[in-house]
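Student: Okay, handing you the structure first.
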Amino acid sequence: GVTLGDALIHTRAIGTLRLGEDATPDVDSVFRIASMTKSFTAATILSLRDDGRLGLDDPVARHVPDLVGLRGPTADSPTITVRHLLTMSAGLPTDDPWGDRQQGLDLDRFAELLRAGPTFAWTPGMRFEYSNLGYGILGRVIANVAGREYRDVVRERLLEPLGMSATTFERGD
């Protein structure tokens, strides 16, 4: 789509709506955006930082008490910070497609998973490694800092102000 000011002035769709079908997408087609939600998570974290509600160098356990006992892989490992999670440098191992399989995990079971302590592939701050779990933890940071459900905070802080009324967390919505 091409916009001019607030108006959508041109649209074009190519390809197929679903693999194996001949249906061409249009402006009302719904697509799963998957890991692109990480951008929404990061932007929401930054908006909370801008409001003075958290700092990027805060220990993540300050905002997610389930991680209070978490220790890194070495005796001198730094404490995991919000910044480590944002930049995927917390030392957590790559976990694809773990994230897709865990999307329906309820909050109590996620808390149990966090209290059990995630494993490490690297010392925090030493190396980049893609982590769905890290962004799941950031979702918990958002919910705890804002005192509301992650989805509601993202919707109120980003989607609604940007007029993204067709962007939802569940296909049925």
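The values are calculated or read from the model by the stated rules, or taken from the named source; none is laboratory data. Just so it is clear, the model here is predicted, and its values are computed rather than measured. Here Cβ is always computed from backbone atoms with ideal geometry, including for glycine, and neighbour counts include all displayed protein chains. Remember, those area values only see protein heavy atoms, side chains included, never the ligands or the DNA or RNA. Shrake-Rupley method; radii C 1.70, N 1.55, O 1.52, S 1.80 Å.
Student: If you scan the range 136-164, which residues turn out to be under 13 Å from the mean Cα position of the chain (by Cα) and under 20 Å from Val68 (Cβ atoms)?
Tutor: If the condition is that a residue be under 13 Å from the mean Cα position of the chain (by Cα) and under 20 Å from Val68 (Cβ atoms), then Gly136, Ile137, Leu138, Gly139, Arg140, Val141, Ile142, Ala143 are the ones that fit.
Student: Here's another thing I want to ask about it. Six or more apart or on different chains, Cβ under 7 Å: which pairs go from a residue in the range 15-39 that's modelled with pLDDT of 85 or more to one that's open to solvent by less than 80 Å² (accessible area, probe 1.4 Å) and not in a loop (DSSP other than H, G, I, E, B)? Could you list them?
Tutor: Lys38/Tyr135
Student: A follow-up question, please. Restricting to the range 28-44, and then to whatever is open to solvent by 50 Å² or more (accessible area, probe 1.4 Å) and part of a loop (DSSP other than H, G, I, E, B), can you tell me which residue is nearest to Gly91 (Cα to Cα)?
Tutor: Ile33
Student: Is it the case, given these coordinates, that Ala90 is within 14 Å of the chain's Cα centre (by Cα) and either modelled with pLDDT of 90 or more or charged (D, E, K, R) (or both)?
Tutor: no
Student: A further question follows. Under the condition of being open to solvent by 100 Å² or more (accessible area, probe 1.4 Å) and acidic (Asp, Glu), which residue from the range 1-27 is nearest to Met164 (Cα to Cα)?
Tutor: Across the range 1-27, the extreme among qualifying residues is Asp6.
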